[in-house]
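Notes for the one structure printed next.
Throughout, read-outs are computed from the coordinates displayed, never taken from laboratory work. Small disclaimer: the values here were computed from a predicted structure and weren't measured. Note: ideal-geometry Cβ built from the backbone for every residue, glycine included; neighbour counts use all protein chains shown.
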Amino acid sequence: MSGHEATTSDPAGDTTEAARLVALGSFMALGSAASFGLITVLARLSYDGGGTPAMVNLFRLSFAVLAAGVLLALLRISLRVPRPALVNIIGASVSLFAASICYFYAVVFIPVSLFVLIFYIYPFMVAGYTSIAGRTPLGPVRWMALAVAFGGLAIALSPSSENLDWRGIALSLGAAVFITSLFAFSTRALRLVGVIPMTFWSNLGGVLLVAAVLPFLGGFTLPTSQVGWTGTLGASACYMLAVLCEFSAIRWAGPARTALYFNLEPIVTMAAAALLLGESLLPLQYVGALLVIAALALAARADWARPLSRHGEHGP
């Protein structure tokens, strides 16, 4: 075999490998969205059992740091990261913390359903960022899928038009902006570090930030019942799984595709609330959920026909 033949790459093989990673990343995005969707309901069980939002937030971040540390030790993965990656990890930690604070206070001023609907403009923001910074246009089909998913959420959530406090709306928009910046920072950091070190460092930063402001967020109150502890531990385990899947999805499928599939999260929350908390769903909520699922199927079909360039989303 000649040297030229030995070093020439196989375009078909490269395309197949890229498609496999995109499919795996898309599956991870759906798994992450489902796990995040369960956290809201499990956290409610924690609150009913005597816990507080600040405690659940700190507990789940600490659990993620501990679990990631164990995985790093077992797999003998180094904690050292390049300085450019560290800067972006810090940015991701601050973005996640700021988004959590915006959520914590937004629901004081406006209904949760309205917050969620405003918050879920962030997939459009991530798609715009990817199109501009990553030079990877989504194309009309994926933009249509985003629009249909947003419409489905609007129908499923049916937010009230009362109590339109500008502070709640501003905080909801702030949460969307900070989550978009989380995707941007994570995308850049994951070019240089693995998923598990990224999980460890970003959540360690979150632990330090939450601990610093804990007195202003209601303090640290542990659950006083078995139901409360079940909710706390369940929310922490789901969070760890959600973050690992999220970072894997961003790395393999790209930020825009990951954000699009995250529209599944509110649908999982509604379904889990019906199953675990006994909440009833209205016919319109079923219609909205079906629209979201149809939109995700449309996006998946577009990926199958013409995948987005992973090079464009992840850089060189």
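Rounded to the nearest 20 debye, the dipole magnitude of the stretch 15-314 is 1000 debye, with +1 charges on Lys and Arg beta carbons, -1 on Asp and Glu beta carbons, and the Cα centre as origin. On a per residue basis, the convex hull of the C-alpha atoms belonging to the stretch 15-314 measures out at 129 Å³.
Fully extending the segment from TRP166 to LEU24 would add 47.1 nm, taking 0.36 nm per residue of separation and subtracting the current Cα-Cα distance. A convex hull fitted to the Cα coordinates of the stretch 206-249 yields 77 cubic angstrom per residue. Each label was represented as a point 7 Å from its Cα along the Cα-to-Cβ direction; for THR230 and SER158 these points are 3.0 nm apart. Taking 0.36 nm per residue of separation and subtracting the Cα-Cα distance, full extension of the segment from ILE121 to ALA147 would add 8.4 nm.
Between the Cα long axis of helix 53-75 and the first principal axis of the chain there is an angle of about 30°, rounded to the nearest 10. Across all C-alpha atoms in the stretch 10-164, the radius of gyration and Dmax reach 19.3, 60 Å.
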